[in-house]
1. Specify which of the listed residues (501, 471) is in contact (Cβ under 8 Å) with a residue 60 or more places away in the chain and either in contact with a strand residue (DSSP E or B) (Cβ under 6 Å, 6 or more places away or on another chain) or more than 29 Å from residue 329 (Cα to Cα) (or both).
2. So residue 446 clears everything in (1) outside any strand (DSSP E or B); (2) in contact (Cβ under 8 Å) with a residue 24 or more places away in the chain except one condition, right? Which one?
3. If a residue has to be crowded, with 17+ Cβ neighbours inside 10 Å and more than 24 Å from residue 500 (Cα to Cα) to count, how many in region 387-435 make the cut?
4. Kindly check whether there is at least one residue in region 70-81 that is over 22 Å from residue 382 (Cα atoms) and buried (at least 17 other Cβ atoms within 10 Å of the Cβ).
5. Within region 494-517, which residues are at pLDDT below 90, assigned to a strand (DSSP E or B) and surrounded by fewer than 17 Cβ atoms within 10 Å (Cβ to Cβ)?
6. Condition test on residue 224, is it in a helix (DSSP H, G or I), under 16 Å from residue 166 (Cβ atoms) and touching a residue at least 60 places away in the same chain (Cβ under 8 Å)?
7. Please go through (1) without any contact (Cβ under 8 Å) to a residue 12 or more places away in the chain; (2) farther than 25 Å from residue 334 by Cα; (3) not in a loop (DSSP other than H, G, I, E, B) for residue 476 and return the number of the only condition it doesn't satisfy.
8. Any residue at all in region 137-151 that's at pLDDT 90 or above, in a helix (DSSP H, G or I) and not assigned by TED's automatic domain parsing to the domain that holds residue 236?
């Protein structure tokens, strides 16, 4: 056997096998390199793509706020009823021993002030709705072009009279300024006036102003003729040109009249009677008349131009005004609901079918809030007691309806109940503050027995047809709430005001977004 040296010697056959393995590995490596390059190119390409997000469309929904607790069935006890406000008893509608039905009015305090608050809230709501409808109508008229077209028609009517008189006015100015009735053919009138008063530069200025007036007149009259059969844009341009011509002409009349008045003042100082005094007086009188006429057209055309500009500004202002007034209507609706809720607190209503067992009030007596004044005994044999965590107790009040199931009969058998009592004193259970509530069955049922476990779903609040979003769409920062809204391809951060939180994960949006807005609910980090 051939021995190998210190470094070893590879036989030819072994070398060929080794080389084949290397070639195979090179192919694998090359393939991996190509895959890596492709992946890198793909990642680079994606780096400039749109961010990854999910969005939802803001839409109107019915929201219900629910509190879910577990309780147990107990033998029915007496229920003590109290007013939620302090006041004077005005009516008692039942007596001891009488049967009462759920929802029946039992007693009432003097509600004069509370009713006034309700009526005021109703009036304020109606005013807000009328203002909103008025603005919406004005905006609809604006979009149809009614008001703008009316202003444009007014402007064309003014231009018709203006151009009908303007050529005569221009010819008269030509005669007054550039005629030779004062000094003969050697000098026109305006230069005669200007030279006498050492204001020769004014004569040259008036000559330029007159030439400009002729140019503006030809241009403006052509635009007016085109506007009579043109669009709103052509009409607006004609009105602007007519206004510019009127302003220029008014200035030209004033400059000439000021020179002639200076001339008159100087000859008066010199105690001179001019041989052409009649012509000079006629020039002054004509220019005064022309000044009044042109000033009238300037005022009328300015009013039309201002109205047109104001209406065009309204294109941006109307949507903002409508949105603001919609918020006002919503706020007035909330104010009315609060006033109505407050009015209800001046009455005691039977929470269930029952018998009045005790009455501790008389008409005219003053009673304190939350002091027991009536006691009823349920016609049903049983009631339900449950402990509610302090995080949910503020959502509940006497009279809330609730559905419950009993473990003994499964989830298919649903029983209707009403919250009849909310204890103000806390009960600490395993270190957690809770508050005991009592619920009465609305109907007696022989299947109900003491000790049964009840799964209770209390509807604490409900709102229909409100704009709502998933709560996960909200961003909370510094005590404010925001959402991210898709505006075309851009994402805009918008502050919102929220209302009722539904038990389905949605939340009411009072302001900030409109129905149909696309709102981001998930945005990939780093996008």
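The values are calculated or read from the model by the stated rules, or taken from the named source; none is laboratory data. This structure is a prediction, so every number in the text was calculated from the model and none was measured. Using ideal geometry, Cβ is built from the backbone for each residue, glycine included, and neighbour counts are taken over all protein chains shown.
1. Going through 501, 471 in turn, just one is in contact (Cβ under 8 Å) with a residue 60 or more places away in the chain and either in contact with a strand residue (DSSP E or B) (Cβ under 6 Å, 6 or more places away or on another chain) or more than 29 Å from residue 329 (Cα to Cα) (or both): 501.
2. (2)
3. So the count comes out to 3.
4. no
5. Within region 494-517, 501 is the sole residue that qualifies.
6. In short, yes.
7. Only one criterion in (1) without any contact (Cβ under 8 Å) to a residue 12 or more places away in the chain; (2) farther than 25 Å from residue 334 by Cα; (3) not in a loop (DSSP other than H, G, I, E, B) is unmet by residue 476, namely (2).
8. So far as region 137-151 goes, no, none of its residues is at pLDDT 90 or above, in a helix (DSSP H, G or I) and not assigned by TED's automatic domain parsing to the domain that holds residue 236.
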